[in-house]
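A.B. asks: Below you'll find the structure I mean.
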Amino acid sequence: MNWKHVIGGVVVGVAASYIAKEAITKSNDLSSNEVLHIAKAAFKKKGPINGSWINMEKETLHTPESSLTVYRGGITRMNGEKQEVFEFVSDCETGNILDVNQLT
């Protein structure tokens, strides 16, 4: 066996291992803070907000079409003298708001 073949095989093996490790560990998900920033920007389009929160743990949302990884959060704002509270569900990968429920 030629030593050039051995070294070539080792180099190819190391490169393949590195590429596989990067592909496995790379996450396309946004952080909870990034998702909250996107949600706040969307709610600010309809008026000022005075509070917000987000659950930092991801959840799996099962729909008939697929399963999505999501964050749940909330926004509060004043509408005149009345405080409105909204709960939202956002996609972890895109930050898109998937559902909004007004609590009060």
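A.B. asks: If you check V11 against the conditions, is it of a type in the set (V, I, T) and either open to solvent by 80 Å² or more (accessible area, probe 1.4 Å) or modelled with pLDDT of 95 or more (or both)? Spell out the reasoning first.
C.D. replies: Values: of a type in the set (V, I, T): yes; either open to solvent by 80 Å² or more (accessible area, probe 1.4 Å) or modelled with pLDDT of 95 or more (or both): yes.
When the stated conditions are applied, V11 passes them.
A.B. asks: Then there is this: Output the number of residues of segment 60-90 satisfying the condition of being charged (D, E, K, R) and modelled with pLDDT of 95 or more. Break it down into steps so the answer makes sense when it comes.
C.D. replies: Taking segment 60-90 and keeping what is charged (D, E, K, R), we get 65, 72, 77, 81-82, 84, 87.
Filter again for modelled with pLDDT of 95 or more, leaving 72, 87.
Number satisfying all stated conditions: 2.
A.B. asks: Follow-up. Go through segment 45-101 and report how many residues are among the hydrophobic types (A, V, I, L, M, F, W, C) and within 16 Å of N28 (Cβ to Cβ). Outline the logic, then answer.
C.D. replies: Narrowing segment 45-101 to residues among the hydrophobic types (A, V, I, L, M, F, W, C): 49, 53-54, 56, 61, 68, 70, 75, 78, 85-86, 88-89, 92, 97-98, 100.
Applying the additional criterion that residues be within 16 Å of N28 (Cβ to Cβ) yields 68, 70, 92.
Looking only at that region, the number is 3.
A.B. asks: Filter segment 52-104 for residues that are in contact (Cβ under 8 Å) with a residue 60 or more places away in the chain and either touching a helix residue (DSSP H, G or I) at 6+ places or on another chain (Cβ under 8 Å) or among the aliphatic types (A, V, I, L, M) (or both) and give the result. It would help to see each step written out before you state the result.
C.D. replies: Here is the first cut: in segment 52-104, the residues in contact (Cβ under 8 Å) with a residue 60 or more places away in the chain are 92-95.
Result: C92, G95.
A.B. asks: Filter the strands (runs of 3 or more DSSP E) completely within segment 35-104 down to those with at least 1 residues that are open to solvent by less than 30 Å² (accessible area, probe 1.4 Å).
C.D. replies: Values: elements: 51-54, 59-62, 67-79, 82-91, 97-102.
Ranges flagged: 51-54, 67-79, 82-91.
The values are calculated or read from the model by the stated rules, or taken from the named source; none is laboratory data. What you are looking at is a predicted structure, and each value in this text was computed from that prediction instead of being measured. Virtual Cβ from ideal backbone geometry, glycine too; neighbours counted across all protein chains shown. Protein only, heavy atoms only, side chains kept; ligands, DNA and RNA dropped before computing areas. Shrake-Rupley method; radii C 1.70, N 1.55, O 1.52, S 1.80 Å.
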